[in-house]
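Please treat every number below as a calculation from the coordinates, not as lab data. Here the structure is a predicted model, which is why all the values come from computation and not from measurement.
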Amino acid sequence: MRYFALEPYSATLYEYCNGEYDGAMSNESQVLYQITNGIFYLHGKGIKKNPVNLPALDKNHFAYEPIKNMIIPPRKGFNWLHIANEKFKEALSLQVNTGKQLGKGYFGQVFEGKFNGDLVAVKQMTTTTAQKNIIQREMNTHIELNHVNVVKLLDVDDSADNRFTHLALELCGGTLTDYCEKKLSGPKLPPDELVLYQIANGLHYIHSRNLVHRDIKPENILISMKTPVQMKFSDLSFVKKTHQDIFSQSKIRGTLQWLAPERLVFLSDPENMPADLPDATIKSDTFSSGCVFFYFLTRGTHPFGKNPVTVPANILKKTPGELVSYKQTKIYDVYDELDFDIPIGKSGDCYDDLAADDVNGRILARLIEDMIQFEEKERVGLPEVIKQLAAVLYGMDKSKCQLRLVESSLGGDYIIRSHPTELILACANEKKLIFYTAENLAIPFSNWREEKEVTCLPLNFGGKRVRSLEWNIIGIQLPAGYGGQFGHNLVVWSYPECEIPFQKEISGYFNEINWNPTRPNLFAAYASKHLDLMFEINDSFLKLKIQFSIYIK
């Protein structure tokens, strides 16, 4: 803020003329003289138009030239304010370049465009009576989604003639199909295992919002243009609300080659299709994702065949021939590693790109097999898929994994500790203790949100810095050590109640807490040169007791 100290005044001329001021006033001639005298004084000072802060705006910014011309007109005869207004209007409105098509879907085409001066992808959908409900559903659903692995909807606008509805979406570099067909140029993709994790992460987010996608295929998974590269789900035309992971269906929606068998079976015999289709579950998305996983890892091969025409029949026959070939190839690798003779009758194509590590390749093959099981009840769920992928990533070289910052932020001098069994962060300083939890506990790298804040001020720890914070091995007790110029304190919270059954002042420089790894109710606290405290917490967690003290030379 910038403040100006001015002499006080009673009212404005506007207020006087409107009868809102009835105080002292000069006569009319005196008023007019004073006004003209003031203006003459200002003109005599020769006020310069010196926009010293204008260079802070980049010269390539769309607003730079209009603002400059408004302040210092380059020539007379032009209404620079009007010209600037038109420029701003042009920059702020959504522009569609129909000469540059990026893609084509079931309900519309995708073109390059501009929104707020930035390049975007514009999905153009014909506004007909039949499609109004579909367009409205996609708009209402998509605008509420905000996730790094889901394409962001930026704006919705109608064309000037009202023939089209335009959806402005974040611009991506291409599709998973483009990448597998080597038609994509841009930043290098992360390791294959992390790509799969991102796909599962985005789909699980959609499912967590009580939605089912219903049209998962490589063409609907986009690749970001910016680094670190992210996979992003797009095209929510067929998305539908779910209840307890179940959704009703009046029609079978999706793309034939990527449909789950429990939905594909109705299209294989349209004449005998029941009038009321049975309900389906989100595990139909899991099946499609498993097929996409294999397609990406093999750089373009469907697990149920290389010929798209025969794929639907092979799905219904339960014959994922390409996946079987891959697994047999990995059997070769195992025998080669062990220097055994290869069993007779084993053969199969070699998928060199399936995974950088053969061990990971075998793990991923088993995972895909679990994802594309014919029976829904035998098909693995996405939470388990994510856990297995996270385990693979954890075992990889961490330098190969691209992780992102979570959205939580803390200021000040905090000690932060992760919960041993749940996705919870405990963050403490001299004033407060904050618990953060992941948005979705099944997704290890999801956004974090503040769960609970506990003030520490009643403990009279002002000015004392937190020096240690440690969960016990089962995550229900959380002692913290505070130390400063005027003494040291130990406090124990219970979780999730956040009650304080124990606090004690300690002599010496307190800086470490260590729990017994085999007894969840026993910990030691180190202060100065003494292992001063050994606490045992009883079953009801009502009191702590000192067991012994050891002097450390």
If each residue of separation counts as 0.36 nm, what is the full-extension length gain between Ser494 and Ala11 once their alpha-carbon separation is subtracted? 167.7 nm
In this model, which of Lys104/Lys217; Lys251/Lys317; Lys188/Lys387; Lys104/Lys183; Lys114/Lys152; Lys283/Lys377 are farther than 18 Å apart at the alpha-carbon? Lys251/Lys317; Lys188/Lys387
Whole-Hz Karplus couplings 3J(HN,Hα) for the stretch 145-151, θ = phi - 60° and coefficients 6.51, -1.76, 1.60, Gly and Pro as x, run 8, 9, 8, 4, 9, 10, 4
Please list, in chain and number order, the residues 5+ apart from His488 or on another chain whose amide H is under 5 Å from its amide H, with Hs placed from the backbone. Ile506
For Lys152, what residues show an amide H to amide H distance below 5 Å, using hydrogens built from the backbone and excluding near sequence neighbours? Glu170
If you plug each phi of the stretch 58-72 into the Karplus form 6.51 cos²θ - 1.76 cosθ + 1.60 with θ = phi - 60°, what whole-Hz ³J(HN,Hα) values come out, in order, with x for Gly and Pro? 4, 4, 8, 5, 4, 8, 5, 4, x, 5, 4, 5, 5, 7, 10
Roughly speaking, what is the stretch gain from Glu453 to Lys251, that is 0.36 nm per residue apart minus the C-alpha to C-alpha distance, in nm to one decimal? 67.9 nm
Along the stretch 493-498, Karplus-curve 3J(HN,Hα) (6.51, -1.76, 1.60; θ = phi - 60°) to the nearest Hz, with x for Gly and Pro, reads 9, 9, 10, x, 5, 6
For Leu259, what residues show an amide H to amide H distance below 5 Å, using hydrogens built from the backbone and excluding near sequence neighbours? none
Could you give the spread of the C-alpha atoms of the stretch 95-170 along their three principal axes, from largest to smallest, in whole angstroms? 33, 28, 21
